[in-house]
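Everything below concerns the one structure shown next.
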Amino acid sequence: MQHPPITLRYFDARGRAQFLRYYFRARKVSFTDERVPLAPDFAPWRAIRDDRSRTGPFQKLPVLHWGDRPLAETPMIAAFVHEASGDAGGISDDDNLRHGMLTSSLLLDVNAPLAILLWTEINFAGADLGAVAKRTLERLRQHFQAIDQSLVEWRWLERARGRRVMLADCLLWEELDAARVVFGPHLSLEATPALAKFYAEFAGRAACEAVLAEKPCQITARPGEAEGIAKIQQVLG
């Protein structure tokens, strides 16, 4: 894939950008992985937040620089890369719609709830963490069942074997892995065999695991996230 210089700027966390790192690695696309360090007082972020050339029109991350073109907002970045990479032109109109729907759902219905749960104790003082964790887990299980059924109906795994790794694939693997990290033994993929098969056999899995091994990082920028995850698993019993 021919492309101009690419820089992805995000926190030193998985969050809303990790799947892009996976994708570029899996597709052997050279890019600069610019990570804003995490700190309890968020000083590194505050130092650049007002620089709109680095944090985009809404002064938030991620931001992708595609040559001299800055792109903000994860769904827009994903849609742009899907087109610019040539992936959109290599699959049917129906599969493009499915790619977009899956990407949207994973960001809104999996990524966002996990982040809200991890930040609950900090952002919502006095919230019942146990109740929030149980409800989030219940909703994710239900949603994973819906995704599982859709993957079967769309013949996603079968078609994935005949095409290149795409962004939605990388995002799906990332959200499954992040959910397993957060919920530990409380989340099993046994009831969703298509998801379990995808998670185990995804063609880009080695690239994903290589990124995680080379630059280990937490899921969000939340201070004390490891302790927070341990508490979530504890309150779930």
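The values are calculated or read from the model by the stated rules, or taken from the named source; none is laboratory data. Only a predicted model underlies this, so the values are computations on that prediction, with no experimental measurement involved. Note that we place each Cβ from the backbone using ideal geometry, even for glycine, and neighbour counts take in every protein chain shown.
Laid out as a table, the results:
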{"item": "Total residues in region 104-146, condition over 15 Å from the mean Cα position of the chain (by Cα) and of a type in the set (V, I, T)", "result": "4"}
{"item": "Selection status of P57, outside the structural domain of S105 (by TED's automatic domain parsing), within 22 Å of the chain's Cα centre (by Cα) and not β-branched (V, I, T)", "result": "yes"}
{"item": "Contacts under 9 angstrom Cβ, first residue in region 214-232 being under 23 Å from E138 (Cα atoms) and not assigned by TED's automatic domain parsing to the domain that holds L38, partner of a type in the set (F, W, Y) and exposed (fewer than 15 other Cβ atoms within 10 Å of the Cβ), 6 or more apart", "result": "none"}
{"item": "Which listed residue, of D148, D177, D95, is closer than 19 Å to G15 by Cβ, in a helix (DSSP H, G or I), among the charged types (D, E, K, R) and not assigned by TED's automatic domain parsing to the domain that holds F80", "result": "D177"}
{"item": "Number of the exception - W66 against (1) farther than 30 Å from T136 by Cα; (2) free of Cβ contacts under 8 Å to residues at least 24 places away in the same chain", "result": "(2)"}
{"item": "Condition met for L107 (out of contact with any Pro (no Cβ under 7 Å at 6 or more places or on another chain), modelled with pLDDT of 95 or more and within 25 Å of A194 (Cβ to Cβ))", "result": "no"}
{"item": "Selection count, region 141-170, where residues are surrounded by 18 or more Cβ atoms within 10 Å (Cβ to Cβ) and among the β-branched types (V, I, T)", "result": "2"}
{"item": "Selection status of D87, among the charged types (D, E, K, R) and crowded, with 19+ Cβ neighbours inside 10 Å", "result": "yes"}
{"item": "Residue, nearest to T220 (Cα to Cα), within region 17-37, restricted to residues that are touching a residue at least 40 places away in the same chain (Cβ under 8 Å) and of a type in the set (F, W, Y)", "result": "F19"}
{"item": "Hey, G130 closer than 30 Å to H186 by Cα, assigned by TED's automatic domain parsing to the domain that holds A191 and surrounded by fewer than 16 Cβ atoms within 10 Å (Cβ to Cβ) or not", "result": "yes"}
{"item": "Exclusive hit being over 21 Å from the mean Cα position of the chain (by Cα), acidic (D, E) and either buried (at least 17 other Cβ atoms within 10 Å of the Cβ) or at negative phi (or both), set D12, D33, D41", "result": "D41"}
{"item": "Residue under evaluation T74, criteria (1) more than 21 Å from the chain's Cα centre (by Cα); (2) in contact (Cβ under 8 Å) with a residue 12 or more places away in the chain, criterion not met", "result": "(1)"}
{"item": "Which numbered condition S188 fails, given (1) in contact (Cβ under 8 Å) with a residue 12 or more places away in the chain; (2) surrounded by fewer than 16 Cβ atoms within 10 Å (Cβ to Cβ); (3) small (G, A, S); (4) farther than 30 Å from P37 by Cβ", "result": "(1)"}
